Amino acid sequence: MPKPPQEIELKFAAPAGRGAEAAIEALAGAAPRQLSSTYFDTARGALKRAGLGLRVRREGDVLIQTLKDGGDGAFSRGEWETPVKALKPNRRALARTPAARVLGKSGRLAPTFTVEVRRRTADVVEGDSLIEVSFDEGVAKARGEQAAFAELELELKRGPQWGLFALARRLAGGGDFTLSFTTKAARGDALAHPPRSFAHKFEPPRLTPDLDAGQAFQRIAMACLRQIAANAERLRHRASPEVIHQLRVGLRRLRSAITSFRKVATDARLAAIKAELKWLTGELDAARNLDVLLHGDYRAAVATKEDAEGLKGLGLRLRSARRMAYVRAAAAVESERFRRLLVDLLVWIQTGPWTVAEGSAKPRGRPIPRFAARELSKRRDRIVKRGRKLRDLDADARHKLRIEAKKLRYAADAFVGVFERPKRARAFVEALKAVQDALGDLNDIVVGERLAHEAAAVPGRAETDSAFVAGRITGAQKARIGPLTDRAEAALKAFADAKAFWT
């Protein structure tokens, strides 16, 4: 099959009602064009599952069929275009694309959703690069529902990638545009097939045994960046505990990957990257911790009716603190600092000095199966060793053990595709998840105790009653430490017996 033309493109979400002329002067005189696209798939979504998207787009009297693949996980995607005569797929043209293998001879294609767009386009020269800039104001439609959006696309037509990145940095800094990986197809599909959760969970990248460690890191890091960007976009529209949680998970996954690949992806820019990731994580911590406490069983600690007033007062304080924490989290992802961070992460992951550094050439070129097996074994052995002395660990040491379990979980999720042992991998991850959950419950007791007393200490009505209930919560939570430690010990023993899926 011939290699398709590669579309090298960056996408930015635009704020509602905000034009792009202030950021891209050339767009001011651009005439708008109306584009209408109909997307197709089988009844069971065969193309979507294969990472493919198929549309027929109408512009005036011209109809163009386009098939796109999932690309390299960054900003480059394969694209197959064919002029067609009707608003339906040309199966003969698809025979020369990856869709042929997915659809076979009997895969029936039907419309799934439409996207209507008003587009203005202009060419921008950035150094030696020619970039096509498109500002789209549109609406996705499916099942009687619709969702409006505005986005700015930068497509590299000619020249080096650094010109594309330079323009992206300028937009992130002064144009109020935020890097986004949400495609028009994804917007339409969310209407046609509403997801179970509003939050965006981690989607493991496709890792094959022929990759080297540097290539694998890029794919893993880009998957983390996609999770971060997607949940930040959702947080700007509607905050929820799960969105906050998944945004933090994306950040932790990326920080963990940087640690796992520390001998591969290291350069002079890394310290600044890590500092910014730590900043963003810190802006979200209070919101997540208060969510855990308020959605936990702190009410069960109130054993008598006399405690009810204190519980009410404490609840008001906790909810007030959470509202302020959500404001802080939303402000972080709406800031210029965050917009710059997303672009800087993309540029560093794809073209940072670490990608060509001579000092890290050997570990960077190591085959990923060997690299992954070594990293997984090291992390597993560390958890097993420390877990044998769980009852001797104080709260801080237990928390560190929990973090080790999380890092191994993230590594296992990312590396599972390298080794062809899916059943053993599932059993290993389930055993590890049990350890993570048990240690997490123990840590929640410590964090919940601190937050409850901090909220109770805020001056105001029913302060004394709130402090009393906070003390009751502390006593009730401490009574759970013994049973939870038993559970964590059992989970650690089962994990030690679980077979590694990489050997």
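The values are calculated or read from the model by the stated rules, or taken from the named source; none is laboratory data. No experiment lies behind these values; they were computed from the predicted model shown. Neighbour counts are summed over all protein chains in view; Cβ atoms, including those assigned to glycine, are modelled from backbone coordinates with ideal geometry. Only protein heavy atoms, including side chains, enter the accessible area calculation; ligands, DNA and RNA are left aside. Shrake-Rupley method; radii C 1.70, N 1.55, O 1.52, S 1.80 Å.
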The correct pair for segment 335-417, radius of gyration to one decimal and Dmax as a whole number, both in Å and from Cα atoms, is 17.4, 46
The summed charge of the LEU284 Cβ neighbourhood (under 12 Å; Lys/Arg +1, Asp/Glu -1) stands at +2
Taking alpha-carbon centroids only, segment 127-147 lies from segment 33-57 a number of Å equal to 15 Å
One point scatterer per Cα, no solvent, Debye formula: log10 I(q)/I(0) for segment 129-208 at q = 0.19, 0.21 Å⁻¹ comes out as -1.00, -1.06
Per the rule of 0.36 nm per residue minus the C-alpha distance, extending ASP437 to LYS362 adds in nm 23.3 nm
Heavy-atom accessible area per residue of segment 152-234, all protein chains kept, 1.4 Å probe, expressed in Å², is 40 Å²
Summing +1 per Lys or Arg and -1 per Asp or Glu among the other residues with Cβ less than 15 Å from GLY60's Cβ gives +3
Scoring only Lys, Arg, Asp and Glu (+1, +1, -1, -1) among other residues with Cβ under 13 Å from the Cβ of ALA190 yields +4
At 20 °C in a medium of viscosity 1.002 mPa s, segment 25-89 has a Stokes-Einstein diffusion coefficient, with Rh taken as the Kirkwood radius over alpha carbon pairs, in µm² per second, of 158 µm²/s
Projected onto their principal axes, the Cα atoms of segment 157-283 stretch, largest extent first, over whole-Å spans of 41, 34, 33
Order by accessible surface, 1.4 Å probe, largest leading, for residues TRP162, TRP80 comes to TRP162, TRP80
